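**Student:** First the structure, then my questions, so here it is.
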Amino acid sequence: MHRISGGRSAALSLILAASLAGPPALAADMEIAGVRVPEQLSEGGHALVLNGAGLRTKFVVKVYVAALYATTKSSDAAMVVNSTEPRRVRLQLLRDVDSKSLDDALQEGLRDNTPKQELAALKAPADRLSRMMAEIGTAKTGDVIDLDFDARGVTLTGNGKQRGRIDSPDFARALLRVWLGENPAQASLKKALLGN
C-alpha cells in the first residue's frame with residue numbers, strides 16, 4: 001500500500017511539474033515601458049520575427065516603444081537597411097504627439113543620415129511622407145504606427161489603417177536609417193533594435 005501511494009505521489013508530482021511548465025517553450029513576448037512587444041508578426045503572408053525593441057526618449061520623456069521585425073534576425077544595421085525582404089518598424093506611442101512633431105523628427109533623421117545630394121533626389125517621397133503623417137493627425141498614447149518596408153518601398157499604417165505607400169527603394173532605405181544609420185535618432189535605441 002505504501003509503495004502505491006509513493007508511486008501515486010511521484011506521478012502527481014510529475015503531472016504537477018508538467019502543468020506548471022505550461023505548453024512547449026515558445027518564443028516569449030517582451031515588455032518595454034508597460035508595452036507588450038510580440039515576438040512574431042505576420043505581414044503579407046510572411047512571418048516576421050522580433051529583431052529587437054527599445055525605448056525612444058527625448059529630454060528624459062518617454063516618447064514611444066520601437067520594435068524592428070524582419071524575416072531573419074540580424075545585428076548588422078547595413079544588412080537590415082539594404083535587405084529586400086519584408087521588415088517592419090512598429091512605433092507604439094507612450095504620449096500624445098502631434099503629426100508635425102513626428103514628421104519633423106523623421107525629416108530630421110533623414111537629414112542626419114542621408115548625403116545632401118541623395119536627400120535632394122528624395123524630396124518628393126519625403127514630402128509625401130509629410131502628407132501621410134499629417135493625415136494621421138495627433139497620435140494618442142497607445143496608438144501604433146507601422147512602417148512596412150519591402151523591395152519596392154514603404155507603407156505607412158496608423159492603428160491598422162493604411163495611410164499610404166511610397167514606392168521608392170532609395171527612400172525606404174533612407175527612412176530605415178533614421179533608426180539604424182550612422183547618426184540614429186538615439187544610439188541606445190539603434191543598439192536595442194539590432195538586438196544588442
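The values are calculated or read from the model by the stated rules, or taken from the named source; none is laboratory data. In this text the structure is predicted, and so the values were computed from the model without any measurement. A quick note on method: Cβ atoms are made from the backbone with ideal geometry, for glycine too, and the neighbour counts reach across all protein chains shown. The accessibility values were calculated without ligands, DNA or RNA, using every heavy atom of the protein model including side chains. Shrake-Rupley method; radii C 1.70, N 1.55, O 1.52, S 1.80 Å.
**Student:** Looking at the stretch 101-176, which trypsin sites (Lys or Arg not before Pro) are in a loop (DSSP not H, G, I, E or B) and have at most 14 other Cβ atoms within 10 Å? Can you show the working numbers first?
**Tutor:** On the way: sites: ARG111, LYS116, LYS123, ARG128, ARG131, LYS140, ARG152, LYS161, ARG163, ARG165, ARG173; in loops: LYS140, ARG152.
Answer by residue number: LYS140, ARG152.
**Student:** Another question, then. Could you name the lysines in cross-link range of LYS58, using Cα to Cα under 19 Å and dropping any fewer than eight places away on the same chain?
**Tutor:** Output for LYS58: LYS100, LYS140, LYS190, LYS191.
**Student:** What is the gain in length, in nm to one decimal, between ASP104 and ALA151 on full extension, counting 0.36 nm per residue of separation less the C-alpha to C-alpha distance? Spell out each step's value before the answer.
**Tutor:** On the way: separation 47, 0.36 × 47 = 16.92 nm, distance 2.55 nm.
Extra length available between ASP104 and ALA151 comes to 14.4 nm.
**Student:** Just grab the label-to-label distance for ASP29 and GLN117, each label 7 Å out from Cα along the Cβ direction, in nm (one decimal).
**Tutor:** 4.7 nm
**Student:** When a/c reaches 1.5 or more, the comparison of a/b and b/c decides; with that in mind, is the stretch 76-126 rounded, prolate or oblate per its Cα gyration tensor?
**Tutor:** On the way: a/c = 2.27, a/b = 1.16, b/c = 1.96.
Here the stretch 76-126 falls in the oblate category.
**Student:** So what is the 222 nm mean residue ellipticity for the chain from helices alone, if each DSSP H run of at least 4 adds -39500 (n - 2.57) and you divide by all residues, rounding to the nearest 500 deg cm²/dmol? Don't skip to the answer; put the middle values down first.
**Tutor:** Working: 7 runs with 80 residues, N = 196.
Using -39500 (n - 2.57) per qualifying helix, the result is -12500 deg cm²/dmol.
**Student:** Expected output is a single nm value to one decimal: the length gained when fully extending between MET79 and HIS46, i.e. 0.36 nm times separation in residues minus the C-alpha distance. What is it? If you can, show how the numbers build up before the last one.
**Tutor:** Numbers: separation 33, 0.36 × 33 = 11.88 nm, distance 1.85 nm.
Working it through step by step, the gained length comes to 10.0 nm.
**Student:** Working only with C-alpha atoms, what are the Rg and Dmax values of the stretch 142-196, expressed in angstrom?
**Tutor:** When restricted to Cα atoms, the stretch 142-196 yields Rg and Dmax of 12.3, 32 Å.
**Student:** Take the alpha-carbon positions of the chain, form their convex hull, and give its projected area averaged over all directions (one quarter of the hull surface) in nm².
**Tutor:** Details: hull surface 56.7 nm².
One quarter of the hull surface, i.e. the mean projection, equals 14.2 nm².
**Student:** Using Cα atoms only, what is the angle between the long axis of helix 169-180 and the major principal axis of the chain, expressed in degrees (0 to 90) to the nearest 10?
**Tutor:** Roughly 60 degrees, rounded to the nearest 10.
**Student:** For a Förster distance of 35 Å, can you work out the FRET efficiency between the beta-carbons of VAL60 and GLU39, rounded to the nearest 0.05?
**Tutor:** My answer for the efficiency is 0.75.
**Student:** Using the crude model of +1 on Lys and Arg Cβ and -1 on Asp and Glu Cβ, and no other charge, please compute the dipole size for the chain relative to its Cα centre, in debye to 20. Display every interim value, and only then the final one.
**Tutor:** Numbers: 26 positive and 22 negative charges, 86 e Å.
Using only the charged Cβ atoms, the result is roughly 420 debye.
**Student:** What does the convex hull of the alpha-carbon atoms of the stretch 53-166 project to on average, in nm²? Write out the running numbers ahead of the final one.
**Tutor:** Numbers: hull surface 29.0 nm².
Averaging across all directions leaves 7.2 nm² for the Cα convex hull.
**Student:** Less than 20 Å from a label point 7 Å out along the Cα-to-Cβ axis of ASP167: which backbone N atoms in the stretch 84-128 qualify, by residue?
**Tutor:** 84-87, 121-128
**Student:** Please report the carbon-and-sulfur percent of the accessible area for the chain; probe 1.4 Å, protein heavy atoms only, DNA, RNA and ligands left out. Working shown, then result.
**Tutor:** Details: 6010 of 10860 Å².
Percent of accessible area from carbon and sulfur atoms in the chain: 55.
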